[in-house]
Amino acid sequence: MRHLHLVPPDTKIDFIGLRRVAIVFSVLLMIASVGAFAALGLNFGIDFRGGILIEAKTDGPADVPALRRDLGGLGLGEVQIQEFGAPDDVLIRVQRQEGAEAEQLAAIETVKTALGSTVVEYRRTEFVGPKVGAELIEAATWAVLLAIGAILVYIWFRFEWQFGVGAIIALTHDVVATIGLFAVTGMEFNLATVAAILTIAGYSINDTVVIYDRVRENMRRYKKLALPDLLNLSVNHTLSRTILTSVTTLLALLALVILGGPIIRGFALAMIWGVLIGTYSSIYIAAPTLIALRVHRIGRSKGESGEAEENPA
């Protein structure tokens, strides 16, 4: 059976030789991301800022683009509309209005008047206050931190501690770079974005573990090979799998960006960035970190050169 290869199976690219350039680039990227976050902040969506939530049943399948046009011209600020389950169920989110409860109730009546006979039943009308938004921000932060911590524990037990530290450095690099992207572009940061960040973390760590598995395997096979050469060999061994996974994932995400509509576009764009930066960090951050941390060579005691079981030809 023939296997699909997007790159030749015997590549010998010197990835590790470019590690110093990659480190400088990553440091500058981290500084820029933190600076953008501090200076510009994030464009929090209704989930975090609070606002009005209306679940309604329309007379027949909902014409979401027409509803967006009608409600977008009411002067109520940001309005999000999406199908919610059945084709005739819609979920309408309106940003929090300036003022107290009276202003929120007035905005709800304005929306209902604009919808008119289009809606046959209002199933839920809620107002999400800023306190709830603050609680969601705290919960989202804890979700990301706990996910990173759990990954650290997993890698630490599966590999040596140097592998765990390298994986977390790469993962933190990806999360900070993604937050920086949202700060610079001003794209809405909502609960879907948090889901994208957690997905990016999972994708990045999966790619890193694949490379680390091959590194550990090659440490047993090539006991005399210098660590930079061994890392290069391992990355090249897994390069075809890495590119194939990234390309197929990007194709699906591009379809979401083009066909998914504005509700899912932010999530898809965050995921595209995450796939690219996650692939980069697995190769140029996670692998070279093992050199700086002086990872222990498996099967090779201190002062013992060891013999390679076969040549990495």
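When L239, L233, L225 are checked against the criterion of being outside any helix (DSSP H, G or I), crowded, with 18+ Cβ neighbours inside 10 Å and assigned by TED's automatic domain parsing to the domain that holds A167, L225 stands alone in meeting it.
Identify, please: which residue in the stretch 1-48 is basic (K, R) and at pLDDT 75 or above and is, among those, surrounded by the most Cβ atoms within 10 Å (Cβ to Cβ)? Even if it seems obvious, please write down each step before you answer.
So in the stretch 1-48, the residues basic (K, R) come out as 2, 12, 19-20.
Subsequent filtering for residues that are at pLDDT 75 or above retains 12, 19-20.
On the way: K12: 9, R19: 20, R20: 10.
By that ranking, first place goes to R19.
Checked against (1) at pLDDT below 85; (2) touching a Gly at 6+ places or on another chain (Cβ under 6 Å); (3) among the hydrophobic types (A, V, I, L, M, F, W, C), A286 passes all but a single condition, namely (1).
So which residues in the stretch 86-122 are in contact (Cβ under 8 Å) with a residue 60 or more places away in the chain and surrounded by 13 or more Cβ atoms within 10 Å (Cβ to Cβ), if there are any at all?
Here is the first cut: in the stretch 86-122, the ones in contact (Cβ under 8 Å) with a residue 60 or more places away in the chain are 118-122.
Selection gives T118, V119, Y122.
I'm checking my understanding of the structure. Among residues of the stretch 49-61 that are modelled with pLDDT of 80 or more and more than 18 Å from Q97 (Cα to Cα), which one is surrounded by the fewest Cβ atoms within 10 Å (Cβ to Cβ)? My answer is P61.
The values are calculated or read from the model by the stated rules, or taken from the named source; none is laboratory data. From a predicted model like this one, the values you see are computed outputs, not experimental measurements. All Cβ positions, glycine included, derive from the backbone under ideal geometry; neighbour counts span all protein chains shown.
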